[in-house]
Amino acid sequence: MRNTNPDDRDDLEAVAVVEHRDDVAISVRGVRKTFRTLDADVVAADGIDVDIPSGAATSLTGPSGSGKSTLLHLIGALDTPDDGTIVVHDQTITSLTPRELARYRRSIGFVFQRFHLLPTLSVLDNVTVPLIPQRMSRQERAMTKTRAEELLDAVGLAGRESSPATKLSGGQQQRVAIARALINHPRIVLADEPTGSLDTHTGEEILQLLFNLRDTFQTTLLIATHDPALAARCDHAIHLRDGRLQPQ
C-alpha cells in the first residue's frame, strides 16, 4: 500500500494498468477525489493505492473526514474519482459507460448506517427493491420471492415478510437492509458504519450476521467503521487519514 506522488505523472500512469490476481477483488490505483466548497477544496482521496482481498472482510478505519465513505462510494460507483483507476474483478469501473455503471451497481451489495428502507413497503418488498428496474418473467419473479424469503430466514426474520418496515426495531431494519444487499447475489458488499446507529448488543448481532454471511456466500466485505472491536475482527485492515493510506 502506498500513496502516489501527485507530481509524478509517469508513476500515476504506470499504476493505472492493474494485473489481475485471483486473490484480489478490488484494485485501487492513484485514486483522487476533491470536493470543492465555497470556503475551500476538501481532498477526500489523495492518490490512494490499495488492494482488497477476495472473499475476506476488510475494515476501513480513520477519523471523521478521513475519506472512508468517499472510498466506499467510489468503489461502489456512487461517485466518480477525479483521477485514478478502480478495477473490480477484472472490470475497470472507471472506464464504464453510464449504462454499464448501472449494471455494475446492481452487482454490488450496499449496507448503510441509516437503513434506507421504504416505509410504505413490506419487509419482503424492501428486500426486492434493487430488482425493480429489471424486467422479469413470472417464473423469475417467483424465484426472486423465494430468494428473498431465504435471505430473510438467513438474517433471522422468517415470518416477518408481510410486516411493514416501520414496525421493526433498528436491529431488525438493519437485518432487512443486509438481506436487500444480498438479493442480487453480489460478490462484494460495501458497508458504511453498519452498526453505527445500533446499541452495543444489537450491533454485535449484526456484526456476527455479516461475518456468517461472508462465510456462507464467500462474499468480499469492505466495512467502514469507527468501532475498533469491529475492525479487530476483520481479516485485513486499511487506515485512512486526510484521504491517504496510513501504516498500521
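The values are calculated or read from the model by the stated rules, or taken from the named source; none is laboratory data. Model, not experiment: these values are computed from the prediction. FYI the Cβ positions are ideal-geometry reconstructions off the backbone, even for glycines, and counts take in every protein chain you see.
Where the second residue is of a type in the set (Ser, Thr, Tyr) and the first is more than 16 Å from residue 28 (Cα to Cα) and lies in the range 91-112, which pairs have Cβ atoms under 8 Å and are six or more apart or on separate chains?
Within 8 Å, the pairs are 109/219.
In this structure, is residue 67 at pLDDT 90 or above, crowded, with 21+ Cβ neighbours inside 10 Å and either in contact with a helix residue (DSSP H, G or I) (Cβ under 8 Å, 6 or more places away or on another chain) or under 20 Å from residue 219 (Cα atoms) (or both)?
In short, no.
Being of a type in the set (Gly, Ala, Ser) and surrounded by 14 or more Cβ atoms within 10 Å (Cβ to Cβ) is the filter here; which residues of the range 200-243 pass it?
So in the range 200-243, the residues of a type in the set (Gly, Ala, Ser) come out as 203, 224, 229, 231-232, 237, 243.
Answer for the range 200-243, where residues must be of a type in the set (Gly, Ala, Ser) and surrounded by 14 or more Cβ atoms within 10 Å (Cβ to Cβ): 203, 224, 231, 243.
Condition first: within 21 Å of residue 187 (Cα to Cα) and charged (D, E, K, R). Now tell me which residues in the range 99-121 satisfy that. Let's see the steps before the verdict.
Looking only at the range 99-121, we keep the residues that are within 21 Å of residue 187 (Cα to Cα), and these are 99-113, 115.
Those that are within 21 Å of residue 187 (Cα to Cα) and charged (D, E, K, R): 99, 100, 103, 105, 106.
Enumerate the helices (runs of 4 or more DSSP H) found wholly within the range 107-209, keeping only those where 3 or more residues are touching a Ser or Thr at 6+ places or on another chain (Cβ under 8 Å) and more than 23 Å from residue 229 (Cα to Cα). Don't jump to the end; show me each part of the working.
Numbers: elements: 123-128, 138-154, 170-182.
Output list reads 123-128, 138-154.
Of the numbered conditions (1) closer than 23 Å to residue 244 by Cα; (2) touching a Phe, Trp or Tyr at 6+ places or on another chain (Cβ under 8 Å), residue 59 satisfies every one except a single condition; which is it?
So the condition that residue 59 fails would be (2).
I'd like the residue in the range 30-64 that is surrounded by fewer than 16 Cβ atoms within 10 Å (Cβ to Cβ) and charged (D, E, K, R) and, out of all such residues, is farthest from residue 225 (Cα to Cα).
39
Only one of 149, 140 is among the acidic types (Asp, Glu) and at pLDDT below 90. Can you tell me which?
On the way: 149 fails: at pLDDT below 90.
Exactly one residue qualifies, and that residue is 140.
Identify the single condition in (1) within 30 Å of residue 53 (Cα to Cα); (2) surrounded by 15 or more Cβ atoms within 10 Å (Cβ to Cβ) that residue 160 does not satisfy, given that it satisfies every other one.
Every listed condition holds for residue 160 apart from (1).
Being within 30 Å of residue 161 (Cα to Cα) and outside any helix (DSSP H, G or I) is the filter here; which residues of the range 79-106 pass it?
Step one: of the range 79-106, the residues within 30 Å of residue 161 (Cα to Cα) are 102-106.
Residue satisfying the conditions is 106 alone.
Looking only at the range 169-190, count every residue that is in contact with a helix residue (DSSP H, G or I) (Cβ under 7 Å, 6 or more places away or on another chain) and of a type outside the set (D, E, K, R) and tell me the total.
Looking only at that region, the number is 12.
Tally the residues that are over 16 Å from the mean Cα position of the chain (by Cα) and at positive phi, restricting the search to the range 41-60.
Residues of the range 41-60 that are over 16 Å from the mean Cα position of the chain (by Cα), as a first pass: 41-49.
Checking which are at positive phi leaves us with 47.
Adding up the residues that qualify gives 1.
In the range 180-194, how many are within 13 Å of residue 117 (Cβ to Cβ) and touching an Asp or Glu at 6+ places or on another chain (Cβ under 9 Å)?
Initially, the range 180-194 is screened for residues within 13 Å of residue 117 (Cβ to Cβ), giving 180-181.
If we keep only those that are touching an Asp or Glu at 6+ places or on another chain (Cβ under 9 Å) too, we end up with none.
Residues in the range 180-194 being within 13 Å of residue 117 (Cβ to Cβ) and touching an Asp or Glu at 6+ places or on another chain (Cβ under 9 Å): 0 in total.
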